[in-house]
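Here is the structure we will look at, set down as structure tokens.
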Amino acid sequence: VPLFALVNFFCQFDFIIMIVYPSVAEPGPYMTLPSDMTADIRTSGTNLTKAKSHNFNVILEVIRTRGPVSRTTIADITSLSRQTVQNIVSELEEAGFVRLTPGEIRGRGHPGMEVSLNPEGAFSMGFHADRHRLTAVACDMEGVVVWSDTRALASDTVQTANQTIIESVFRFRKAIPAVGERLLGVGVAAPGPFGSPSTEAIDFASFQELGADENVASLAKQVGLPVVLENDATAAAIGEWLYGVGKGTSNFAVLHFGMGLGAGFVLGGMPYRGRHNNAGEIGHMVVVPDGKPCFCGNQGCLERYLSLGSVFEHLDLRPNDPASIERVVMLCNRQDPAIASWLDEASVRLRQAVNFIEVLLDPDTIAIGGLVPDILLDSLIERAAPLLARITSAATSLPRIQRGASGPLTVARGAAAVAIDAEFAPSPVRLVL
Ligand SMILES: [Zn+2]
């Protein structure tokens, strides 16, 4: 009991910390909920001044996940009064976020009106940044990509990345002015870890300066919109969960290959970020005692064997040369011994990573993706078989590991979804404010 009380105390404390930090730095933990979860959405009247905005978001969330839906059903799901639902739906319609259409005719009489999301009511931009490249997308509220752009960065500094992000927002607004006006927020996904005390030790695999609180705040000021930071692996998990192989699952993990290696999680139907957006820094799990040295100060970290950076190092290729990726594909295609020797070592490490994620989190499936040629991932997955034995014998219809399927824009789309989510999703934090 004393231990329970202690844990309970610290849980509350963590909750207070979440409130103190501005929501731009820590987005609400809710994403689009699977339809079977919306029944759990309940409203709260703990604070009347905040209740309206919370109810607004709760109703929008029900429309997002259940629409087209009648106002009566919304009232039933949310436990709000019909009059409140009526008023808020009118406001949402006026603002262009939802539309009313006649429902199906059942029996005699006029059909009732049903409410559905107006996907073009709002847009968000998502960025996937690393030190060499920036991918930008603009998406509507259903995640449909209306504009995208990928470009190499002229240098690996945070100034260059910031400038390119600001220019991209400007270019998108200019390209589709009608849509640009309804741009509500920006999500930036970058490789962590963030908030490291040793910002002096800049590593090519992470981009912690871009994710620094001051930098995110300064970006928000310069683009004139809320900017939400997301770990690239978490954004990858969200992208694959919404649009790829994680669709329909509630417990899902992604192993994301960049220059380093990250893991992203959706647990219980919600992205899991950890306290500092650093959950899933699996690349720094030590798998080889006294192994290859890592910038983090340890030796034998997983990403020194399992990442695009490690492929380049093994083949003596330059990471910032676009021809390097082509060379990797060519070597894979002809099953060259040089790539085979990397695959032999990497597949052993992949087995360890899968075992670790499975025993820790018991996911429905693990997707493997990132800025890596498909042929390399396929070869790696093939070579990792047979995987280590799983502790659960329960049969599942999904493969234990599979290549990600939502394409090269996955991370940027995940970041765009986070920006919309930060703006609209009902957050439990609001219940106590
Ligand atoms: Zn490390």
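Observations
- One residue stands out among those in the range 271-294 that are assigned to a loop (DSSP other than H, G, I, E, B) and more than 25 Å from the chain's Cα centre (by Cα): the one that is nearest to the ligand (Cβ to nearest atom), which is Cys294.
- Of all residues in the range 141-180, those being surrounded by 19 or more Cβ atoms within 10 Å (Cβ to Cβ) and under 16 Å from the mean Cα position of the chain (by Cα) number 2.
Matching residues to (1) assigned to a loop (DSSP other than H, G, I, E, B); (2) β-branched (Val, Ile, Thr):
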position	(1), (2)
Cys332	no, no
Gln335	yes, no
Ala340	no, no
Ser347	no, no
Phe356	no, no
Val359	no, yes
Ala367	no, no
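- Where Ser406 falls short, out of the listed (1) out of contact with any Phe, Trp or Tyr (no Cβ under 7 Å at 6 or more places or on another chain); (2) closer than 26 Å to Phe312 by Cβ; (3) assigned to a loop (DSSP other than H, G, I, E, B): (1)
One line per residue, one yes/no per condition, for (1) part of a helix (DSSP H, G or I); (2) modelled with pLDDT of 95 or more; (3) among the basic types (Lys, Arg):
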residue	(1), (2), (3)
Ser155	no, no, no
Thr160	yes, yes, no
Ser168	yes, yes, no
Val186	no, yes, no
Pro193	no, no, no
Ile202	no, no, no
Ser206	no, no, no
Ala217	yes, yes, no
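- Scan of the range 372-391 for residues that are in a loop (DSSP other than H, G, I, E, B) and buried (at least 20 other Cβ atoms within 10 Å of the Cβ), ordered by number: Val372
- Selection from the range 295-312 of residues that are more than 14 Å from the ligand (Cβ to nearest atom) and over 24 Å from the mean Cα position of the chain (by Cα): Val311, Phe312
- Top-ranked residue in the range 123-140 [being surrounded by fewer than 24 Cβ atoms within 10 Å (Cβ to Cβ) and either in a loop (DSSP other than H, G, I, E, B) or β-branched (Val, Ile, Thr) (or both); ranked as nearest to the chain's Cα centre (by Cα)]: Thr135
- Within the range 257-270, restricting attention to residues that are assigned to a strand (DSSP E or B) and within 16 Å of the ligand (Cβ to nearest atom), the residue that is farthest from Leu134 (Cα to Cα) is Ala263.
- Lone qualifier among Asp336, Asp374, Asp344, Asp362 - being at pLDDT 90 or above and at positive phi: Asp362
- Odd one out for Lys247, checked against (1) away from the ligand (no atom under 14 Å from the Cβ); (2) in contact (Cβ under 8 Å) with a residue 24 or more places away in the chain: (2)
- Residues located in the range 274-312, provided they are in contact with a helix residue (DSSP H, G or I) (Cβ under 8 Å, 6 or more places away or on another chain), among the charged types (D, E, K, R) and surrounded by fewer than 20 Cβ atoms within 10 Å (Cβ to Cβ): Arg275, Lys292
- Taking the range 210-260 as the range and being under 26 Å from Arg182 (Cβ atoms) and touching a Leu at 6+ places or on another chain (Cβ under 7 Å) as the test, the residues that pass are Val216, Leu225, Val227.
- Selected residue [away from the ligand (no atom under 16 Å from the Cβ), surrounded by fewer than 14 Cβ atoms within 10 Å (Cβ to Cβ) and farther than 21 Å from Asp156 by Cα] from Arg351, Arg327, Arg334: Arg334
The values are calculated or read from the model by the stated rules, or taken from the named source; none is laboratory data. All figures in this text were calculated on a predicted structure; none of them were measured in a lab. Counting neighbours? That spans all protein chains shown, and the Cβs are built from the backbone with ideal geometry, glycine included.
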